[in-house]
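Written out below as structure tokens is the structure these notes cover.
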Amino acid sequence: MYSEKVMDHFTNPRNMGSMENPDGKAQVGNPTCGDIMEIAIKVEENKIKDIRFKTFGCGAAVATSSMVTEMAKGKTLEEAEQLTNKTVAEALDGLPPVKMHCSNLAADALHKAIQDYREKQTKKG
Ligand code: FES
């Protein structure tokens, strides 16, 4: 029922864990199931230099989070903002329809972490 890519990212998640002093971070909850996802980013010269995720979610949430961190790393903030739940699911060769909602967390958390970074920059003046 799951693609090989989903299984690969689920059994061997990339960029999982916490980050000290992130430049931006966000936590989002999935209204459908109540699961939670956290993403933290380090930004240098407008690019995502490093990224970490933590999730209290199902296997599909782990796989989509892992994939979104890989896709976002090294990208400019604007490019990373173009990543959507759909592009992440597609990069994993799809998710079972009942699991599509699980991919909502990944891109949303990334976008919010970028927003958090931008807000902090504005405050710094
Ligand atoms: Fe909650 Fe998948 S069931 S994220």
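The values are calculated or read from the model by the stated rules, or taken from the named source; none is laboratory data. Because the structure is predicted, anything quoted here is derived from the model rather than measured. Heads up, the Cβs are rebuilt from the backbone with ideal geometry, glycines too, and the neighbour counts pull from every protein chain shown. Surface accessibility is based on the protein's heavy atoms, side chains included, excluding ligands, DNA and RNA. Shrake-Rupley method; radii C 1.70, N 1.55, O 1.52, S 1.80 Å.
Things to note:
- Lys123 part of a helix (DSSP H, G or I) and without any contact (Cβ under 8 Å) to a residue 24 or more places away in the chain: yes
- Test for Thr32: is it surrounded by 21 or more Cβ atoms within 10 Å (Cβ to Cβ) and either in contact with a Phe, Trp or Tyr (Cβ under 8 Å, 6 or more places away or on another chain) or farther than 26 Å from Gln121 by Cβ (or both): no
- Of all the listed residues (Met67, Met19), the sole one being in contact with a helix residue (DSSP H, G or I) (Cβ under 9 Å, 6 or more places away or on another chain) and either more than 19 Å from Leu83 (Cα to Cα) or at pLDDT 95 or above (or both) is Met67.
- Considering residues of the stretch 91-107 that are open to solvent by 70 Å² or more (accessible area, probe 1.4 Å) and modelled with pLDDT under 95 only, the residue farthest from the ligand (Cβ to nearest atom): Pro97
- Answer from Asn21, Asn85, Asn15 - the residue that is in contact with an Asp or Glu (Cβ under 8 Å, 6 or more places away or on another chain), free of Cβ contacts under 8 Å to residues at least 24 places away in the same chain and open to solvent by 20 Å² or more (accessible area, probe 1.4 Å): Asn85
- Residues (in contact with a Leu (Cβ under 8 Å, 6 or more places away or on another chain) and open to solvent by 30 Å² or more (accessible area, probe 1.4 Å)) located in the stretch 37-54: Asn46, Lys47
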